[in-house]
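Peer 1: Got a structure here, written out as structure tokens. Questions coming.
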Amino acid sequence: MIKSVVAIVIVAVLSSACSTTHNNSQTGNNSKKSFEVRQDKETGAISVFSANGKQSLLTQIAKPGERPYLHPIIAPDGNGVLTEYRPEHHPHQTGIYWGLKLVNGRDYFMKYQSDYWRKVSASVVTAKGRQVKWQTVYDLIDEKGNTTLTETGNWSLQEQNGKYLLDLEWRGEAKTNITFGKFYVGGLFLRMPWKKGTAAEIVNAAGQRNMEIEAQRAIWADVGVAVEGRNDWGHMAVFDHPDNKGFPIPWRTDTQYGLGPSRQIMGDWKLNKGETEIVRYRIVIYTGTRNNDELTGLWKQYVVER
């Protein structure tokens with residue numbers, strides 16, 4: 001019954017996508033910000049700037065022996081940092097990152113060191129324009145140093161009406177037969193700056209809030225946090241995509257307002273040697289007041305674009 005209801009809701013939402021996308025594409029054309037990507041070969045950093053800008057807006061860290069991550073990400077208006085690096089309550093969490101649990105029993109979510117991760121490459125794909133792109137490639141290695149999975153992160157950034165649209169296409173190529181074990185977390189995860197006493201809220205497309213969303217399916221979820229130096233909140237909304245297996249995905253959250261979609265919540269899944277799994281998400285980065293209808297409209301636009 002639950003699956004039937006979910007299917008009906010998704011069909012109803014998608015049925016209006018074409019007309020909504022026409023309107024959204026018109027507003028999307030109002031985006032005027034162009035970007036430039038610069039890469040520092042020595043530090044492993046890929047940084048996005050406004051065209052001719054001097055301050056980085058977003059930084060991708062891609063070190064040789066450490067899990068890649070995005071931090072810091074600056075609010076679209078330039079006021080405030082919207083990601084956090086290794087907070088005391090979750091020191092393994094680093095801004096925006098991808099980490100799977102129980103990959104043939106091995107933990108790549110909490111383990112980020114060189115005996116788990118090996119860099120293959122990091123490169124800029126589209127260096128300038130309204131939409132810039134970059135890529136990271138890492139091997140996930142087993143106890144003997146053999147590659148279990150080669151993980152490619154294809155990232156892009158554009159602006160629409162004062163919001164950043166950060167897209168991820170994750171590709172995992174199995175180098176051996178893999179079982180991804182059932183666990184409450186695993187995959188894309190984001191950590192905004194939060195400490196005890198900070199106002200914050202997570203809401204999903206179904207209207208569930210905070211820990212109510214744990215293991216619940218939704219097409220999007222939004223985390224908002226009161227950011228130091230701002231009078232309003234910073235937000236990141238993560239959009240699931242219908243092409244992803246398990247769509248609409250269940251979500252993981254914690255009591256410190258970390259958030260991530262997690263296919264592993266649903267149970268074990270397998271990838272045979274030579275097979276490649278592709279997963280797509282969009283992260284909408286913005287400030288101010290959350291508007292659920294607007295987020296659903298942006299989700300429809302994302303679905304049609306892809």
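The values are calculated or read from the model by the stated rules, or taken from the named source; none is laboratory data. As the structure is a computational prediction, the values presented were derived from the model and not from experiment. Positions of Cβ are backbone-derived with ideal geometry, glycine not excepted, and every protein chain shown enters the neighbour counts.
Peer 1: Please verify whether segment 254-266 includes one or more residues that are farther than 30 Å from Thr176 by Cβ and of a type in the set (Ser, Thr, Tyr).
Peer 2: Yes, because at least one residue in segment 254-266 is farther than 30 Å from Thr176 by Cβ and of a type in the set (Ser, Thr, Tyr).
Per-residue answers, yes or no, for (1) part of a strand (DSSP E or B); (2) within 19 Å of the chain's Cα centre (by Cα):
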| residue | (1), (2) |
| --- | --- |
| Met192 | no, yes |
| Gly197 | no, no |
| Val203 | yes, yes |
| Met211 | no, no |
| Val223 | yes, yes |
| Arg230 | no, no |
| Gly234 | yes, yes |
| Ala237 | yes, yes |
| Pro242 | no, yes |
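Peer 1: Please name all residue pairs, on different chains or six or more residues apart, with Cβ atoms under 6 Å, provided the first residue is in segment 288-306 and is outside any loop (DSSP other than H, G, I, E, B) and the second residue is basic (Lys, Arg) and crowded, with 22+ Cβ neighbours inside 10 Å.
Peer 2: Cβ pairs passing all conditions: Tyr302/Arg282.
Peer 1: Somewhere in segment 93-101, is a residue among the hydrophobic types (A, V, I, L, M, F, W, C) and either farther than 25 Å from Leu271 by Cβ or modelled with pLDDT under 95 (or both)?
Peer 2: no
Peer 1: Then there is this: Here is a check on your reading of the model: is Gly207 at pLDDT 95 or above and buried (at least 17 other Cβ atoms within 10 Å of the Cβ)?
Peer 2: Spelling it out, it is not the case that Gly207 is at pLDDT 95 or above and buried (at least 17 other Cβ atoms within 10 Å of the Cβ).
Peer 1: Restricting to segment 98-109, name every residue that is touching a Leu at 6+ places or on another chain (Cβ under 7 Å) and crowded, with 23+ Cβ neighbours inside 10 Å. Steps first, please.
Peer 2: Applying the first criterion (touching a Leu at 6+ places or on another chain (Cβ under 7 Å)) to segment 98-109 yields 98, 103, 108-109.
Correct list: Trp98, Val103, Phe109.
Peer 1: Go through segment 246-271 and report how many residues are under 14 Å from the mean Cα position of the chain (by Cα) and closer than 15 Å to Val203 by Cα.
Peer 2: So in segment 246-271, the residues under 14 Å from the mean Cα position of the chain (by Cα) come out as 249, 251-253, 258-263.
Keeping just the survivors that are closer than 15 Å to Val203 by Cα gives 249, 251-253, 258-261.
Adding up the residues that qualify gives 8.
Peer 1: Oh, and also: Answer yes or no: is there a residue in segment 50-72 that is at positive phi and either touching a residue at least 40 places away in the same chain (Cβ under 8 Å) or surrounded by fewer than 17 Cβ atoms within 10 Å (Cβ to Cβ) (or both).
Peer 2: yes
Peer 1: Can you tell me how many residues within segment 95-110 are in contact (Cβ under 8 Å) with a residue 24 or more places away in the chain and farther than 19 Å from Tyr164 by Cβ?
Peer 2: Number satisfying all stated conditions: 10.
Peer 1: Residue check: is Gly80 within 20 Å of Gly99 (Cα to Cα), small (Gly, Ala, Ser) and surrounded by fewer than 22 Cβ atoms within 10 Å (Cβ to Cβ)?
Peer 2: Judged against the criteria, Gly80 is not a match.
Peer 1: Continuing with this model, one more query. Hey, can you tell me all the residues within segment 234-258 that are buried (at least 23 other Cβ atoms within 10 Å of the Cβ) and under 16 Å from Thr83 (Cβ atoms)?
Peer 2: Gly234, His235, Met236, Ala237, Val238
Peer 1: Is it fair to say Val279 is part of a strand (DSSP E or B), β-branched (Val, Ile, Thr), out of contact with any Cys (no Cβ under 9 Å at 6 or more places or on another chain) and over 21 Å from Gln158 (Cβ atoms)?
Peer 2: Considered against the rule, which asks whether it is part of a strand (DSSP E or B), β-branched (Val, Ile, Thr), out of contact with any Cys (no Cβ under 9 Å at 6 or more places or on another chain) and over 21 Å from Gln158 (Cβ atoms), Val279 comes out as no.
Peer 1: Among the residues of segment 151-164, is there at least one that is more than 30 Å from Gly297 (Cβ to Cβ) and either surrounded by 20 or more Cβ atoms within 10 Å (Cβ to Cβ) or of a type in the set (Asp, Glu) (or both)?
Peer 2: Yes, segment 151-164 contains at least one residue that is more than 30 Å from Gly297 (Cβ to Cβ) and either surrounded by 20 or more Cβ atoms within 10 Å (Cβ to Cβ) or of a type in the set (Asp, Glu) (or both).
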